[in-house]
Amino acid sequence: MKASSILILLVATCLRLPLATAAADLPAKSGATELKRAVIANYAALASAGFQDSLETAKKLQGAVNELLAKPCEETMAAARQAWLSAHQTYSFTETFRFYNGPIDQVEALVNSWPIDASYIDSVADAPDAGIVNDVASHPKISRAVVISLNAKDGKQNISTGYHAIEFLLWGQPPEGRGAGNRSWQDYADGAKNVERRREYLRLVTDLVVEHLETVADAWANGDSKNFRGKFLAKDPKAALADILMGMGALSGPELSGERLTTAYETKERGEQEDCFSNSTCDDLINNAAGIENVFLGHYTALSGEKIAGPGVFDLLKQVDPAFAVKLSEQVTTAVAAVRDIPPPFDQAILGTNEAPNRVAMKKAITALQAQSSMVAQAAKVLSIRLKL
């Protein structure tokens, strides 16, 4: 997400969430409590599998970056870029587990903040001496502490670490027109200006993503009653379900339909897309929407091929209000399809008149995600759950 936090008022408005509800408790049905706990347990399993996959692909990115730094060439640069795409797209499935002060929320600003002022990190076309990499006087040594301390220090676009810092260091500044950046591998070869500092910077920020995702994966790991997962499973079921719905609704509404789509749709600015250096935003948007669907239905296929399947929010709603459960299920399907229909690349999809097919598709996705977000808020009412803001 962008470096700034989503304002509570914005969440409340976009999700149409009540600060309190007077709805009655769920109907007294045999097994209702057991089903709630089963949904919560399966959600924890989905989170664990998703973050374990994110960690594994981040480690593969780490290995590819180390190969690039050890032997800079076209092949190792291409491999590092492909590893970044795989890692970030895998991470995108997990963003529905955000927005309720869970483990990822503790480190997300250091993992996936955007947009980035590229010149804050390294040189760009019109500022060859810009950035932390080239500022030897202010930062004589590139270190873990320095990189972390400078993240968003002087503004929300002054991002120094995370996936998108790595993205810039691998792709470089995009061209004046459209398309992805094309940084030369020679920026990491002997003789390049401040090459040792650039190498160390890329190595450090990649290591930090792995480090932070390790903490999140450990927090969701099974078998530890004292980690976040253990405490999450021990919570009052309504409180845990409120977290689940909050993650789904906030990602669908303010984040996806708002910051990631509406802002770019209205401004037509390439810099307002999440992956502006690699121009791979459409793939991440699809995985974001699919991640919401995974939680709703209660399933996820891990990279290992293991299938996690159990009761999801749909099953809980079906027990209380079958008609609404089907209606929301149809909306979830519609939202995923609408996001898939946005024609890549994203920097082209935002251009043209409002009647252009690409912009019509984007507007349909925005509308579908907004409707889904509102229905998630309605689901909370159906389940007599108070969503805490």
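Read the figures in this text as sums done on the coordinates, not as results from a lab. A quick note: this is a predicted structure, and the numbers were derived from the prediction, not measured. Glycine gets a Cβ as well: all are built from the backbone with ideal geometry, and neighbour counts include every protein chain shown.
Using Cα pairs closer than 8 Å and at least 6 residues apart in sequence, work out the relative contact order for region 136-281, in percent. Write down the numbers at each step before the final one.
Values: 112 pairs, mean separation 34.4, N = 146.
Rounded, it is 24 percent for region 136-281.
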Original post:
Which listed residue (324, 161, 348) has the Cα farthest towards the positive end of the charge dipole for the chain, taking +1 on Lys and Arg C-beta and -1 on Asp and Glu C-beta about the Cα centre?
Top reply: 324
Original post:
Taking amide H positions as placed 1.01 Å from N in the peptide plane, with prolines and chain starts having none, which residues 5 or more places from residue 102, or on another chain, fall under 5 Å of its amide H?
Top reply: none
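What percent do you get for the relative contact order of region 8-382 when only Cα pairs under 8 Å and 6+ apart count?
Working: 563 pairs, mean separation 89.8, N = 375.
Taking the mean separation of contacting Cα pairs over the length of region 8-382, I get 24 percent.
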**OP:** With a ≥ b ≥ c taken as the square roots of the eigenvalues of the C-alpha gyration tensor of the chain, please select rounded if a/c is under 1.5 and otherwise prolate if a/b is larger than b/c or oblate if it is not?
**Re:** prolate
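From the Cα gyration tensor of region 281-323, with a ≥ b ≥ c the square roots of its eigenvalues, which class applies: rounded if a/c is under 1.5, or else prolate if a/b is larger than b/c, or else oblate?
On the way: a/c = 5.41, a/b = 1.52, b/c = 3.55.
It comes out oblate by the Cα gyration axes.
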Original post:
For region 280-389, which GluC sites (Glu not before Pro) are in a loop by DSSP, counting at most 15 other Cβ atoms within 10 Å?
Top reply: 306, 355
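Using only DSSP helix segments of four residues or longer, with each worth -39500 (n - 2.57), what per-residue ellipticity at 222 nm results for the chain after dividing by its residue count and rounding to 500? Spell out each step's value before the answer.
Values: 15 runs with 216 residues, N = 389.
It lands at -18000 deg cm²/dmol.
Show me the three semi-axes of the equivalent ellipsoid for region 293-379, from the C-alpha gyration tensor (sqrt of 5 times each eigenvalue), largest first, rounded to whole Å. Mind showing how you got there, number by number?
Values: eigenvalues 170, 68, 11 Å².
Three semi-axes, in Å: 29, 18, 7.
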**OP:** Please get the size of the charge dipole for region 8-382, origin at its Cα centre, with Cβ charges of +1 on Lys and Arg and -1 on Asp and Glu, quoted in debye to the nearest 20.
**Re:** 920 debye
Original post:
If the cut-off is a Cα-Cα distance under 23 Å, which lysines reach residue 363, setting aside same-chain residues fewer than 8 apart in sequence?
Top reply: 2, 268, 327
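Compare the peptides 331-339, 222-230 by average per-residue count of other Cβ atoms within 10 angstrom and give them in order, highest first. Spell out each step's value before the answer.
Details: 331-339: 20.6, 222-230: 13.6.
Per-residue mean Cβ counts within 10 Å order the peptides as 331-339, 222-230.
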